[in-house]
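Engineer: This is the structure, below, for whatever I ask next.
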Amino acid sequence: LGAARMVVALRPPTEDEVATLPRGDALHPEHGARLILAVTGLSAAEGPGTVLTVAGPGVPGTRRTHVSGISPEVFHALATANAVFPAGVDTFLVANDGTVAGLPRSAHISITNGAG
């Protein structure tokens, strides 16, 4: 994982696995990994799972997404990986129904638990 340019995770990664992904650096942000993460569901409506509130460059306004199938700890690990912009990991969430959400490394992500 430490040398991967792209990772397709069909099972939830661990926090340690996310921490291992390449992030690039200020001079070479393109060396950061792209993470494609399978999730069981994505929805803008209230529901179970982790609630991500996303804002910042690349995001029009503020977007709120409910993600099921991935623990909040994985998203905290991603937030840590993206803490020193422009380095970081660009992430794409892909749900069972084909819905896709992008989490650019430039975005600020707030993470909370959703409704049960």
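Engineer: When the Karplus curve 6.51 cos²θ - 1.76 cosθ + 1.60 is applied with θ = phi - 60°, which whole-Hz ³J(HN,Hα) does each residue of region 83-89 get, with x for Gly and Pro?
Structural biologist: Coupling constants for region 83-89: 6, 10, 5, x, 6, x, 10 Hz.
Engineer: By average Cβ neighbour count within 10 Å, what is the ranking of 54-61, 90-97 from highest down?
Structural biologist: On the way: 54-61: 12.2, 90-97: 17.1.
Ranked from most to least packed, the peptides come out as 90-97, 54-61.
Engineer: Quick one: with all protein chains in place, what share of the accessible area of the chain is carbon or sulfur, to the nearest percent (1.4 Å probe)? Could the numbers behind the result be given before it?
Structural biologist: Numbers: 3560 of 6040 Å².
That fraction is 59 percent.
Engineer: Starting at the first residue of region 9-24, write each ³J(HN,Hα) from the Karplus equation 6.51 cos²θ - 1.76 cosθ + 1.60 with θ = phi - 60°, in whole Hz, x for Gly and Pro.
Structural biologist: So the Karplus estimates, Gly and Pro as x, are 9, 8, 10, x, x, 7, 4, 5, 5, 5, 5, 7, 4, x, 10, x Hz.
Engineer: Hey, can you find the accessible area per residue of the chain for me, probe 1.4 Å, expressed in square angstrom? Walk me through the numbers on the way to the answer.
Structural biologist: Working: 6040 Å² over 116 residues.
That works out to 52 Å² per residue.
The values are calculated or read from the model by the stated rules, or taken from the named source; none is laboratory data. Because the structure is a prediction, the values reported are computed rather than measured. When we count neighbours, we look across all protein chains shown, and the Cβ atoms used for this are built from the backbone with ideal geometry, even at glycine. Please note that ligands, DNA and RNA were not included when accessible areas were found on the heavy atoms of the full protein model with its side chains. Shrake-Rupley method; radii C 1.70, N 1.55, O 1.52, S 1.80 Å.
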